[in-house]
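Here is the structure we will look at, set down as C-alpha cells.
Bear in mind that the values in this text are calculations on the coordinates, not laboratory data. Model, not experiment: these values are computed from the prediction. Note: ideal-geometry Cβ built from the backbone for every residue, glycine included; neighbour counts use all protein chains shown.
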Ligand SMILES: Cc1cc2nc3c(=O)[nH]c(=O)nc-3n(C[C@H](O)[C@H](O)[C@H](O)COP(=O)(O)O)c2cc1C
C-alpha cells in the first residue's frame with residue numbers, strides 16, 4: 001500500500017479542509033494516509049484573541065501532531081499552510097527544519113512531494129508560498145508532483161498548476177470545485193508516490 005503523509009498547519013481551518021480532501025483523494029487511489037498537523041507555536045493569548053483560531057484549535061485536538069517518523073514512513077508528502085507574508089507559516093517551517101537528520105541520511109530523497117496553500121486575497125502570495133515549500137523539496141531530493149492542468153478540476157478551481165490554493169472565505173465554505181481539485185491532487189500524488197516507491201532501489205543505484 002502506498003504511504004502518504006498529509007502534513008499541514010492551519011490557524012482558522014481552511015488549510016485543514018484542503019488537507020482532508022487531499023487525504024480522501026489519496027485514500028481513493030489506494031493509499032494509507034497519515035493526516036498530521038504540525039505543532040502550534042503561537043502563544044495562548046494570541047490564539048484566544050481570534051475566535052476562529054481558538055475554535056479550530058479545539059476542533060482539531062484529535063488530529064495527531066506530525067513527527068519525523070511520519071516523514072521517514074511516507075512514500076509521498078503533501079504539505080500545506082496558510083501564507084504568512086508570502087511564505088510558509090513558521091509552524092510548518094519549524095517542523096520541516098527538524099528534518100536535517102533524515103535529510104543527511106538520504107531518507108527524504110526520491111519521494112513524491114506536493115503542496116497546498118491559501119491566503120486572504122486572491123493574489124496574496126499563494127504561488128510564492130508554494131515555492132517556499134518546493135524550494136525545500138529540491139534540497140531533500142524529493143520529486144515535486146505539481147497538479148499542472150492534468151485534470152479539468154484544476155481549471156474549475158481557479159487554475160493554479162503549482163498546487164491547490166484557496167482564497168480565505170472568511171468564515172464561509174471553501175468552494176466545492178477547490179476541494180475537488182485538492183482531491184485530485186491527492187490522487188495524483190499517490191500515483192507518483194507508488195511509482196517512485198516501486199522503483200526506489202533502482203533509482204538509488
Ligand atoms: C501573520 C500573517 C500574515 C499573513 N500574510 C498574508 C499575506 O501576505 N497575504 C494574504 O493574502 N493573506 C495573509 N494572511 C492571511 C492568511 O494567510 C489567511 O487568513 C489564511 O490563508 C487562512 O488559512 P487557515 O484558515 O488555514 O488558517 C496572513 C495572516 C497572518 C496571521
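Could you check which residue among 32, 45, 72 shows the biggest mean-square fluctuation in a GNM of the chain with a 10 Å Cα cutoff? In the Gaussian network model the winner is 45. Among 87, 69, 15, the largest mean-square fluctuation in a Gaussian network model of the chain (Cα springs under 10 Å) belongs to 69. Note on the chain: GNM, Cα springs under 10 Å; of 67, 31, 176, the largest mean-square fluctuation is that of 176.
Over the residues of the chain, the helix contribution to mean residue ellipticity at 222 nm works out to -13500 deg cm²/dmol, using -39500 (n - 2.57) for each DSSP H run of at least 4. Please say if region 1-127 is rounded, prolate or oblate, where rounded means a/c under 1.5 for a ≥ b ≥ c the square roots of the C-alpha gyration tensor eigenvalues, and otherwise the choice is prolate for a/b larger than b/c and oblate otherwise? It comes out prolate by the Cα gyration axes.
With neighbours defined as other Cβ atoms within 10 Å of a residue's Cβ, the residues 96, 189, 203 order from fewest to most as 203, 96, 189. Between the helical axis of 126-140 and the longest alpha-carbon principal axis of the chain there is an angle of about 30 degrees.
Assign one of three labels to region 74-205, namely rounded, prolate or oblate, based on the Cα gyration tensor with a ≥ b ≥ c the square roots of its eigenvalues; rounded applies when a/c is under 1.5, prolate when it is not and a/b is larger than b/c, and oblate otherwise. In terms of gyration-tensor shape, oblate. I need the shape label for region 82-155. Rule: rounded when a/c is under 1.5, else prolate if a/b > b/c, else oblate, with a, b, c from the alpha carbon gyration tensor. Oblate.
Helix 176-198 axis versus longest C-alpha principal axis of the chain: approximately 20°, rounded to the nearest ten.
Relative to the longest principal axis of the Cα atoms of the chain, the long axis of helix 14-28 lies at roughly 30 degrees. The alpha carbon centroids of region 95-140 and region 1-33 are separated by 15 Å. Once C-alpha pairs closer than 8 Å and six or more residues apart are averaged by separation and normalised to the residue number of the chain, the relative contact order reads 27 percent. Each of 88, 1, 137 was scored by other Cβ atoms within 10 Å of its Cβ. Listed from fewest to most, they are 1, 137, 88.
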